[in-house]
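Asker: One structure follows; several queries about it will come next.
What follows is calculated from the coordinates using simple rules that are stated; it is not laboratory data. Model, not experiment: these values are computed from the prediction. Note: ideal-geometry Cβ built from the backbone for every residue, glycine included; neighbour counts use all protein chains shown.
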C-alpha cells in the first residue's frame, strides 16, 4: 500500500494531536502511527489508499482545536503493509 510520512510542526504536543490523528486515520481506513519527536514536532506515518492519505494530510494541516499547525511536510515512502494505528 502507498505509505507517507508527515512531519507536523507547531503547537502539536500536549494538545491531543496524536490521539486525534489516530481517530482520523482509523476513520479513513489508514494504518500507521503518530509519535512525538524530540524537536516538538509530531511524525505521522500512514499507509493506505491515496485518496485517504490526501484526506489525512488536509486534516493534519488543521489538527484538533487546541493545536496550532505551522507546517506539514510529506515524504512518499516505499510501499508497506501495516495494520492498526498506534500512538507513542
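Asker: Compute the helix-to-body angle for 50-60: its Cα long axis versus the longest principal axis of the chain, expressed 0 to 90° and rounded to tens.
Answerer: Approximately 10 degrees, to the nearest ten.
Asker: Let me ask something else about it. Over region 1-43, what relative contact order in percent results from Cα pairs under 8 Å that are six or more residues apart?
Answerer: Computed value for region 1-43: 53 percent relative contact order.
Asker: Provide the FRET efficiency to the nearest 0.05 for the residue 61-residue 87 pair, computing r from the beta carbons and using R0 = 25 Å.
Answerer: According to the calculation, E is roughly 0.85.
Asker: 7 Å from Cα along Cα→Cβ at both residue 80 and residue 43: what's the point-to-point distance in nm?
Answerer: 0.9 nm
Asker: How large is the convex hull of the C-alpha atoms of the chain per residue, in Å³?
Answerer: Cα-based convex hull of the chain, divided per residue, equals 78 Å³.
Asker: Here is a further query. Which whole-number percent is the relative contact order of the chain (Cα, under 8 Å, 6+ apart)?
Answerer: 48 percent
Asker: Using alpha carbons only, how many degrees (0 to 90, rounded to 10) separate the axis of helix 17-27 from the longest principal axis of the chain?
Answerer: Roughly 30 degrees, rounded to the nearest 10.
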